[in-house]
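Enquirer: Take a look at the following structure, please.
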Amino acid sequence: MKEIKKMQGPPEIAPEPSPSITPEMIKDVLEILESKGMIHYSAGGAYIPTESGWKLLMELKPVKEEIFGYGHPEIKASSNSAIRITKGLDIDDATIVVAANKACKDLSGDFKAAIKSAGKIEIKIEVEGEEEVFIAYGSPALKLTSKEEILIRKNSIVDGKTLAILSDKSASELKQTLIEKLRNPQTKVKITLEIKR
């Protein structure tokens, strides 16, 4: 069985989850929204959504992606830095799901665009009545090119396998009852990724 090198641990001080937003960036966005008729500048000195702006806000649907895979008897889930989902059967200390139906490259275009612009992603792992929910963050730097795996990292390292960074959980921090169920190769696992705006 192929061994994968351990990832480095998270930095002592986690970086900010999103890039610095400058006053110029805010001004540019407000000007674009105003030019598109989505907002207007009120006499009271505030930007307010127009009727079409409100309609668009109310029509926003949650952006979700579901991934299915299986457990494996060799799952260790001992990594302190990441959670790994793979389409293959190779196991490392971060792996929690094998034979997954999706890797980074397989995610929908809408989801990829949303995760690159989103701040927060809610990740839910469901297995035989057991559930674990945690938060991680997207980034404009995400590549999402891996054809074989997905990594959810506690640190801010980004490569083709990285789906999210600055996660509040690693494999070793998942509930022990969930990890035990993940060690059964007959166990079907559902992972739901939802962009939180």
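Enquirer: With +1 on each Lys and Arg Cβ and -1 on each Asp and Glu Cβ, how big is the dipole of the chain about its Cα centre, in debye rounded to the nearest 20?
Expert: Taking the Cα centre of the chain as origin, the dipole is about 360 debye.
Enquirer: What's the ranking of 100-108, 145-153 by average number of surrounding C-beta atoms within 10 Å, highest first?
Expert: Ranked from most to least packed, the peptides come out as 145-153, 100-108.
Enquirer: What FRET efficiency, computed as 1/(1 + (r/R0)^6) with R0 = 30 Å and r the Cβ-Cβ distance, is obtained for residue 66 and residue 184, rounded to the nearest 0.05?
Expert: The calculated FRET efficiency here is 0.90.
Enquirer: Work through the residues other than residue 158 whose Cβ is under 12 Å from its Cβ and net out their charges, Lys, Arg +1 and Asp, Glu -1.
Expert: After counting each charged neighbour, the total is +3.
Enquirer: Sorted by average packing, counted as other Cβ atoms within 10 angstrom per residue and highest first, what order do 47-53, 83-89 take?
Expert: Ranked by mean Cβ neighbours within 10 Å, highest first: 83-89, 47-53.
Enquirer: If each residue of separation counts as 0.36 nm, what is the full-extension length gain between residue 128 and residue 113 once their alpha-carbon separation is subtracted?
Expert: Value of the extension gain: 2.3 nm.
Enquirer: Whole-Hz ³J(HN,Hα) for each residue in segment 24-36, computed from phi via Karplus 6.51 cos²θ - 1.76 cosθ + 1.60 with θ = phi - 60°, x for glycine and proline: what do you get?
Expert: Per-residue couplings from phi come out as 5, 5, 4, 4, 4, 5, 4, 5, 5, 4, 5, 5, 8 Hz.
Enquirer: What number comes out for the charge environment of residue 143, summing +1 per Lys or Arg and -1 per Asp or Glu over other residues with Cβ under 11 Å away?
Expert: Net local charge, residue 143 excluded: +3.
Enquirer: Starting from 0.36 nm per residue, how many nanometres of slack lie between residue 177 and residue 148 once their C-alpha separation is accounted for?
Expert: Between residue 177 and residue 148, full extension yields 7.8 nm more.
Here, each number is a calculation from the coordinates, and none is a lab measurement. The shown structure was predicted, so the numbers you read here are calculated from the model rather than taken from an experiment. We place every Cβ from the backbone using ideal geometry, glycine too, and count neighbours over all the protein chains shown.
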